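Computed from the coordinates by the stated procedures, all read-outs in this text should not be read as laboratory data. Keep in mind the model is a prediction, meaning the values are calculated, not measured. Methodologically, a virtual Cβ is constructed for each residue, glycine included, from the backbone with ideal geometry; neighbour enumeration extends over all protein chains shown.
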Amino acid sequence: MRGRIFVLYVAANMALCAVIFLPWALPRETVSGLAGRWLATGSKWQRAIAGVVVPVVDALYFMDRDHCAEVYRLEQAARATLYGE
């Protein structure tokens, strides 16, 4: 049951990211991954927004050190494997 709830959470997170951040979201990207990508590779305004969002998200996921950066790297690797990016 916990596994199914987690799958629903991730699917909802990806859908939310796609709807809210449509012009900037990549396939298979969550809000955490987008924030991590913006902090690492974004434009000046994207890094400024991520500079505020990333510490908040990382604090919510306190058990996962550097949550946004790690999710960004994992999602980037998944896209490279799946889509050859």
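Tabulated results
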item: Kyte-Doolittle mean at least -1.0 and Cα axial length at least 18 Å: DSSP H helices in the chain; result: 2-20, 44-60, 67-83
item: Part-to-part distance (alpha-carbon centres) for the range 12-32 and the range 66-85, which is given in Å; result: 13 Å
item: Listed values [x] 13.2; [y] 12.7; [z] 14.7, entry calculated as Kirkwood radius over Cα pairs in Å; result: [x]
item: Sorted peptide list for 5-16, 71-82, criterion being average Cβ within 10 angstrom, highest first; result: 71-82, 5-16
item: Magnitude of the charge dipole, the chain, Cβ model with Lys/Arg +1 and Asp/Glu -1, debye to 20; result: 80 debye
